[in-house]
Every structure is written in C-alpha cells, then in structure tokens.
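The structure under discussion appears below in the form of structure tokens.
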Amino acid sequence: MTMRILTESERFDFYYSYLINDFHKNEIKPFNIMERLVKQGKYICYGFFDDKIPLGYAYFIKSKCNKYFLLDYFAVLTAYRSIGLGSKFINEIKNKFMEDSSVLIAEIENPDYINDEKNKEESIRRINFYLRNGFRQSNILSQAFSCEYIIFTLSTEEQNDNELYEDVRKIYLDIFGKDLFNRQIYVRLSEK
C-alpha cells in the first residue's frame, strides 16, 4: 500500500466518484474551493493505493505555521471498509506527519446534535475509531455552517486545549476568511 499526493485529475476523480458520496451534503466543500486552497498551498490531498487501485483518501487543511493539519476528509472506499484499512491509513498518516512534531486535528460530528439514530451511531463509531487510533478528545467544540463537531487531536506532545482552541480558530479563519468565519463558524471550549 502507498500513500501519495493526488494529482489534479485524481482529485477530480476522487471528489466526484467518492467524496460526494462518502460525506453528508452539508459537509462537502465545492470542488473549485478545494482546488483554490490546493493552489494556495493550504490544502493537501492524499490517496491510498494498492498498486494503482484506489483504496481511500485523506484531505488536510494546513495551518500557516505548517504545524497543525486539520483532517478535513478521511475515508476508506466502500468496497474496502471493515477490514482494518482505516487504522492502517491512520498509521501511514502518523508516520508522515508525526516525524515533524505536527499536530493532527480531526472534526467528528457531535452525536449530541444528531437526531437520526443511524447517523448518531455512525458518529459514535467514528469517535471510537479515532480514540482506538491514538487521538485524544479535546474540550473544543465547533460549528461550521450547520454541522456541530467535537475536535480530536493526535500529537507527540501534550496538548493544551486553550492553546489548541486558538489554533483551531486560526485555521478556520484562514480557510473561510473573516466575513464567512464571523457569520458561519463558531469555536468554543466545552464546560466538561
């Protein structure tokens, strides 16, 4: 298995063949915005392959300081799910990013805000997956447009949620811009 940066045509294929089917409609960025972020050096799209056969993908938003990487989209392709590839992919991601003391950030849909039982169960499964693979649940919650998230982190260093809170806000602000951030994004520390 290999993990490598996707070419522009591969990003197009992955977006229209997989990503739009793997995520809820309200979570999907328009392709042209993702491409603009790639060209600005703020977005990195990796694919996982067995020879040339696509198995999954992981898309990251990169902070200005290049230390924080927000896992924007992560999925194993439908035909290869439930056989342990997700954990293998996370290990590949760890090997790639942890050598530079980077911090991985993941947004997981907050099950407390999901009314549909099936989607709530999927969210709880995702939370357990990330916990099993070394991520830590922070006390940071975010709302992006109509989606509520819990922030998880993976780092070789101890993370302070107050500092991480500021970094998460900066990532959102950098990606969405001040106007959209002020209207559609809300990041807060939970009272836990």
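The values are calculated or read from the model by the stated rules, or taken from the named source; none is laboratory data. Predicted model, so just to flag it, every value in this text is computed and none were measured. Using ideal geometry, Cβ is built from the backbone for each residue, glycine included, and neighbour counts are taken over all protein chains shown.
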Anything in the range 100-143 that is out of contact with any strand residue (DSSP E or B) (no Cβ under 7 Å at 6 or more places or on another chain), within 27 Å of ARG183 (Cβ to Cβ) and surrounded by fewer than 16 Cβ atoms within 10 Å (Cβ to Cβ)? List them, or say none.
ASP112, ASN115, ASP116, ASN119
Could you list, ordered by first residue, the pairs with Cβ atoms under 9 Å in which the first is in the range 100-113 and farther than 23 Å from GLU158 by Cα and the second is charged (D, E, K, R) and part of a strand (DSSP E or B), at least 6 apart or interchain?
GLU109/GLU148; ASN110/GLU148; ASP112/GLU148; TYR113/GLU148
Per the filter on the range 32-66, residues part of a loop (DSSP other than H, G, I, E, B), at negative phi and not charged (D, E, K, R) are GLN40, SER63, CYS65
Strands (runs of 3 or more DSSP E) enclosed by the range 91-180 - at least 2 residues per element that are farther than 25 Å from TYR46 by Cα and not small (Gly, Ala, Ser)
136-144
Just give me the residues in the range 51-83 being modelled with pLDDT under 95, over 18 Å from ARG125 (Cα atoms), touching a strand residue (DSSP E or B) at 6+ places or on another chain (Cβ under 9 Å) and not hydrophobic (A, V, I, L, M, F, W, C), in sequence order.
ASP51, LYS62, SER63, LYS67, TYR68
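Tally the residues that are within 14 Å of the chain's Cα centre (by Cα) and modelled with pLDDT of 90 or more, restricting the search to the range 169-188.
Qualifying residue count for the region: 0.
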The correct count of residues that are farther than 20 Å from GLY134 by Cα and buried (at least 16 other Cβ atoms within 10 Å of the Cβ) in the range 62-89 is 4
Within the range 35-61, of all residues that are buried (at least 20 other Cβ atoms within 10 Å of the Cβ) and either touching a Cys at 6+ places or on another chain (Cβ under 9 Å) or small (Gly, Ala, Ser) (or both), the one farthest from SER102 (Cα to Cα) is GLY56
Give all pairs with beta carbons closer than 6 Å in which a residue from the range 155-167 that is in contact (Cβ under 8 Å) with a residue 40 or more places away in the chain meets a residue that is of a type outside the set (D, E, K, R) and assigned to a helix (DSSP H, G or I); count only pairs at least 6 apart in sequence or on separate chains.
THR156/MET98
